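The values are calculated or read from the model by the stated rules, or taken from the named source; none is laboratory data. None of the values given here were measured: they were computed from a predicted structure. Positions of Cβ are generated from backbone atoms using ideal geometry, with glycine treated the same way; all protein chains shown enter the neighbour counts. Ligands, DNA and RNA are excluded from the accessible area calculation, which covers all protein heavy atoms including side chains. Shrake-Rupley method; radii C 1.70, N 1.55, O 1.52, S 1.80 Å.
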Amino acid sequence: MAITLVNPDGLPEVELYRQVSVATGSKLVFVAGQVARDEHGNPVGTGDVAAQVEQAYLNVATALAAAGASFADVAKLTAYLVDWTPEKFEQFMAGRARASAKLGGAALPPFTGIGVAALAEPDMLIELEATAVLD
């Protein structure tokens, strides 16, 4: 594996991700922001944060697989979340858990969640991008 995930002493341990990702591989994979669209471009989970998070994670997994990678190879995830409030965290985690179950578990790479006013289309509630490293 080209990625080692670490929670170093002196930083809080966070349930959602690890604080540090050490990459030793030589092939970088950059996945464009993925949203809640099915393979035909149709909206998934309109108005449902958990459903949109699940679909975005599944789309990232599909993109990673096309490059010969998986979530185990992800060095960094960034989520752009529309009108984010702490009350939506449980919905986010539910969607992530459903995607993880479908994908056979999920790694916990460093993660940044950024609240935004809007995304490209009005029904989009999340956009998820990933950077992976392969040997």
* Hey, V74 farther than 16 Å from L16 by Cβ and out of contact with any His (no Cβ under 8 Å at 6 or more places or on another chain) or not -> no
* To do: Out of the residues in segment 122-135 that are in contact (Cβ under 8 Å) with a residue 40 or more places away in the chain and over 16 Å from the mean Cα position of the chain (by Cα), state the one that is surrounded by the fewest Cβ atoms within 10 Å (Cβ to Cβ).
  => D135
* Asked: Applying the selection to segment 41-58, what residues are of a type outside the set (V, I, T) and open to solvent by 30 Å² or more (accessible area, probe 1.4 Å)?
  -> G41, N42, P43, G47, D48, Q55, L58
* **Matching entry among L108, L119 (being in a loop (DSSP other than H, G, I, E, B) and within 20 Å of R18 (Cα to Cα))** => L108
* Asked: What are the residue pairs meeting all of these: first residue in segment 1-15, first residue open to solvent by 50 Å² or more (accessible area, probe 1.4 Å), second residue among the acidic types (D, E) and at pLDDT 90 or above, Cβ atoms under 8 Å, and 6 or more apart or on different chains?
  -> M1/D73; M1/D135
* Asked: Could you list, in sequence order, the residues of segment 1-52 that are acidic (D, E) and either over 24 Å from I126 (Cβ atoms) or not in a loop (DSSP other than H, G, I, E, B) (or both)?
  -> D9, E13
* Among (1) among the charged types (D, E, K, R); (2) buried (at least 19 other Cβ atoms within 10 Å of the Cβ); (3) free of Cβ contacts under 8 Å to residues at least 12 places away in the same chain, which single condition is E90 missing? -> (2)
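Would it be correct to say that K102 is touching a strand residue (DSSP E or B) at 6+ places or on another chain (Cβ under 6 Å) and either open to solvent by less than 40 Å² (accessible area, probe 1.4 Å) or not aliphatic (A, V, I, L, M) (or both)?
No; evaluated as a whole, the condition is false for this residue.
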* Structure fact -> Among A107, A67, A117, A72, the single one that is over 14 Å from G33 (Cα atoms), open to solvent by 20 Å² or more (accessible area, probe 1.4 Å) and under 11 Å from the mean Cα position of the chain (by Cα) is A107
